[in-house]
Amino acid sequence: MKAYVVVDLGFGDAGKGLLTDWLVRTTGARLVVRYNGGAQAGHNVVTPDGVHHTFAQFGAGTLVPGVRTFLSRYVVVHPTALRVEAEALARKGVAAPLERITISEHARVTTPFHQAANRLREAARGDRRHGSVGVGVGETVADSIAHPHDTVIAGDLLSPNLLRKKLARIRERKRAELAGLRDHSEWRFFEDDAVGEAWLERAVTVALRVVPDEALVIAAEDPAVVFEGAQGVLLDETFGFHPYTTWSDCTTNNARSLIAKYLGAAELEQIGVVRTHAIRHGPGPLPTETKDLCVHEHNTEHRWQGPVRYGWFDAVLVRYALRVLSGATTLAVTHADASGAWKACRAWQADGCVIDTLDPAAAEAESTKLTELAERARPLLVEGEPLETIASLLGRNAAIVARGPTALTVTRAAAF
């Protein structure tokens, strides 16, 4: 069998949903495995007949009949949001969406108290916001590290009494931690005694979708499996530009671990996705940011995350992302149909030096070092035809190219 791992080489929003949809339509894959992130994902898919959906937790291949989703142990599950997404998919013609998804019993679960705490902390940062989407993923992960015995996992959805006790402890602990932020509207979730019970009543309805990790072994019977990543390498918890990062491993490490353990005989193709321009949703460094780009898409400003920002293609950042990833990477370039003037950054100028590559070890050694450098950097720009220039700057051709929003616009330029 073949295992395709889709990973974003930027700050997210590169087109992972489009590539996942294209892969299930062209490879015979019938399973999409989500291998990181959580409900903060927003992967847009437009079918050839015009149906559009922004995928958060369901795999982006779900609009193809018969394609299933597995939320691995590395995903932070938001069960009530999962129900909402299933209802939205049903309205778009997807039959019985929840019957096509399974959840690892070890996946961490976010609660309404984690979500409220996440929003309170972000609001308290004021102008120094990190760009959180506000669904509680980071709060859930941090809490699981600090208080492992109270961590809610998907398997707990099968034990309502245990779940109820954990919820009560989480609520009281968060009330104590955040008492100084009582004036914010999100505090109401800690004051209302009905919140936890209402959440529990709805959350346990997905309990029947919880399975052991070993259930992934059945995918070995398929001709292909697609592993769909969330966010992007430049937002990674270790290699990203702190503090504007996510509490998730955004490299392919999680996917590789799952493949090695459960699909060991699979042939691996790692697909790194990047746009012909840079994009960042929310705050943080974007050295090539410009107002000269006019991009038409589904991505819009978000109350918590902030505005969508665009910049010229940044070869320095993409080279860095490729260095972070281990193993061969097939380059996939989206938005190749963009019109108008186009530029690319070949190198940065900072501190009297020309910088054309970044060292991943710098991010591990000092978490804010790369951020400070990127904020000082000035791009050295070149002009040219996008695909040819990108190939020249990266030293590799784009093996997969998307010239529009649907799978019909995606072509593989060369065999892997």
- Which chymotrypsin sites (Phe, Trp or Tyr not before Pro) from region 191-246 combine a DSSP loop assignment with at most 10 other Cβ atoms within 10 Å? none
- May I ask for the distance between the Cα centers of region 323-353 and region 225-255, given as a whole number of Å? 18 Å
- If one builds a Gaussian network model of the chain from Cα atoms under 10 Å apart, the most fluctuating residue listed among 248, 144, 326 is 326
- Message: Once R0 is set to 51 Å, what does the formula 1/(1 + (r/R0)^6) return for the Cβ-Cβ distance between residue 184 and residue 396, expressed as a FRET efficiency to the nearest 0.05?
- Response: 0.60
- Item | Relative packing of peptides 357-365, 96-104 - highest average C-beta neighbours within 10 Å first | 96-104, 357-365
- How many times 2.2 N^0.38 Å is the alpha carbon radius of gyration of region 86-177? 1.27
- Query: With axes computed from alpha carbons, what is the tilt in degrees of helix 79-91 against the longest principal axis of the chain, rounded to the nearest 10 within 0 to 90?
  - Reply: 70 degrees
- Message: Whole angstrom only: what separates the Cα centroid of region 257-288 from the Cα centroid of region 197-221?
- Response: 26 Å
- Message: Quick check: convex hull over the Cα atoms of region 357-416, volume per residue in Å³, rounded to an integer?
- Response: 161 Å³
- Query: Rounded to the nearest 500, what is the chain's calculated 222 nm mean residue ellipticity when only DSSP H runs of at least 4 contribute -39500 (n - 2.57) each, over all residues?
  - Reply: -9000 deg cm²/dmol
- Query: In the chain, what percentage of the DSSP-assigned beta bridges are antiparallel, given to the nearest 5?
  - Reply: 40 percent
- Between residue 257 and residue 359, 0.36 nm times their residue separation minus their Cα-Cα distance comes to what? 34.3 nm
- With a 32 Å threshold on alpha-carbon distance, the violating pairs from 2/343; 16/92; 2/291; 343/369; 291/369; 261/369 are 2/343; 2/291; 261/369
- Query: Between residue 125 and residue 159, what FRET efficiency follows from the Cβ-Cβ distance if R0 is 35 Å, with the result rounded to 0.05?
  - Reply: 0.45
- Message: On C-alpha positions alone, give me the angle between the axis of helix 112-124 and the longest principal axis of the chain, in degrees, nearest 10.
- Response: 50 degrees
- With 5 Å bins from zero, work out the P(r) of region 21-98 over every alpha carbon pair and list the percent per bin. 3, 16, 28, 29, 18, 6, 1
- Say the dipole of the chain comes from +1 at the beta carbon of Lys and Arg and -1 at that of Asp and Glu; which of 365, 268, 195 then lies farthest toward its positive end? 195
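Projected area of region 272-416, taken from the Cα convex hull and averaged over every viewing direction, in nm²?
On the way: hull surface 38.6 nm².
The Cα convex hull of region 272-416, projected and averaged over all directions, gives 9.6 nm².
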- Message: Restricting to DSSP loop positions (anything but H, G, I, E, B) with no more than 16 other Cβ atoms inside 10 Å of their own Cβ, which trypsin sites (Lys or Arg not before Pro) remain in region 297-399?
- Response: 303, 396
- Principal axis dimensions, the chain - Cα atoms, whole angstrom, descending: 62, 51, 37
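Here, each number is a calculation from the coordinates, and none is a lab measurement. Being a predicted model, the structure only gives us computed values, none of them experimental. Heads up, the Cβs are rebuilt from the backbone with ideal geometry, glycines too, and the neighbour counts pull from every protein chain shown.
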